[in-house]
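Single-structure report; data block below.
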Amino acid sequence: SSGGAWVFFGCLALVLISILFYFRWQSGKRPAVRVALAVIRASLLCLLLLILAEPVLKFKKTEEVKPALWLVFDCTNSMGIRDVLSGQVLGDYVKAIGGEPATQGDKSRVEWLRALLSKTDDNLLQELSKKYELSLFKFNRDDGVDQISEIAEESDSAEEDGVKIDGAKVAARLDHSGKVTAIGAALDALVGQAGKSTLQGVVLFSDFGQNSGTPAEEAAGRLGVPVYTV
């Protein structure tokens, strides 16, 4: 900056004046003494100039903030239903969780979801967490949502972020204890959550058998971000 340039040239001038003073008007002293005195005087004068200039040190730090993504899980009674799956549908479900068809028995809807979230390879939550700052919620009542916390674990690799989502821990928090399915109320509860400034969307995992509360479509509109349904 221009201020920094003036200070630099001012210090340079003071150094030259100190050298000129001791080598022209103090010629009676030994050269080594004159050099030492010139250095000391120049240093003191430059320090005084810096103090008078009242310098302000500024530095900028640039940090990339991940966009936020919220995942919401239906934990109501209908998620405990065991659907009869066969053919291509069963094959798609088994492929999604990375299992073998011969080993898959009847699962409830929440068990399929748990299997998806806790799979070891290409884990959905870990893949999403590489790009987004995830917040996880579940709803099993008719008046709001509960945040799923303490689901991170330390990364074993120094090349990865410090923490990663533990899908098995998330899966263990999911159940089908809710008596009514109030998707609209759950989405309305998210409107008041903090951290919406970087929110890119909401992913809603549910069987969408709403039977209570405000219409889900209207509540989704009030969120102001895309709602992706699974």
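Sequentially through region 75-84, phi angles give Karplus couplings (6.51, -1.76, 1.60; θ = phi - 60°) of 10, 9, 4, 5, 6, x, 5, 9, 7, 8 Hz, Gly and Pro residues having no value and appearing as x. FRET efficiency for the residue 13 to residue 59 pair, using the beta carbon distance and R₀ = 30 Å, is estimated at 0.60.
The antiparallel fraction among DSSP beta bridges confined to the chain stands at about 30%. Applying 1/(1 + (r/R0)^6) with r as the Cβ-Cβ distance of residue 172 and residue 143 and R0 = 25 angstrom yields a FRET efficiency of 0.55.
Take the Cβ atoms of residue 82 and residue 122, set R0 to 25 Å, and the FRET efficiency comes out at 0.45. Straightening the chain between residue 225 and residue 133 buys 31.6 nm, computed as 0.36 nm per residue apart minus the Cα-Cα spacing. Ellipticity at 222 nm from helices only: DSSP H runs of n ≥ 4 in the chain, each -39500 (n - 2.57), divided by the residue count, give -13000 deg cm²/dmol.
Backbone phi angles across region 198-205, fed through the Karplus curve with coefficients 6.51, -1.76 and 1.60 (θ = phi - 60°), yield HN-Hα couplings of 10, 5, 9, x, 10, 10, 10, 9 Hz in residue order; Gly and Pro are listed as x.
Residue-wise HN-Hα couplings along region 141-148, as the Karplus relation 6.51 cos²θ - 1.76 cosθ + 1.60 with θ = phi - 60° gives them from phi, are 9, 9, 9, x, 10, 10, 6, 8 Hz; Gly and Pro carry x. For the chain, the Kirkwood hydrodynamic radius comes to 23.0 Å, computed from all pairs of different C-alpha atoms. Helices in the chain that qualify as membrane-span-like (whole DSSP H runs, Cα extent of at least 18 Å along the helix axis, mean Kyte-Doolittle hydropathy of 1.0 or higher) are 2-24, 31-53.
Pairs with C-alpha atoms separated by more than 27 Å, drawn from the list 61/138; 138/164; 61/164; 66/169; 61/119; 61/130, are 61/138; 61/119.
None of the figures in this text is laboratory data; all of them are computed from the coordinates on show. Note that this is a predicted model, so its numbers are computed, not measured. Note that each Cβ is placed from the backbone with ideal geometry, even for glycine, and that neighbours are counted across all protein chains shown.
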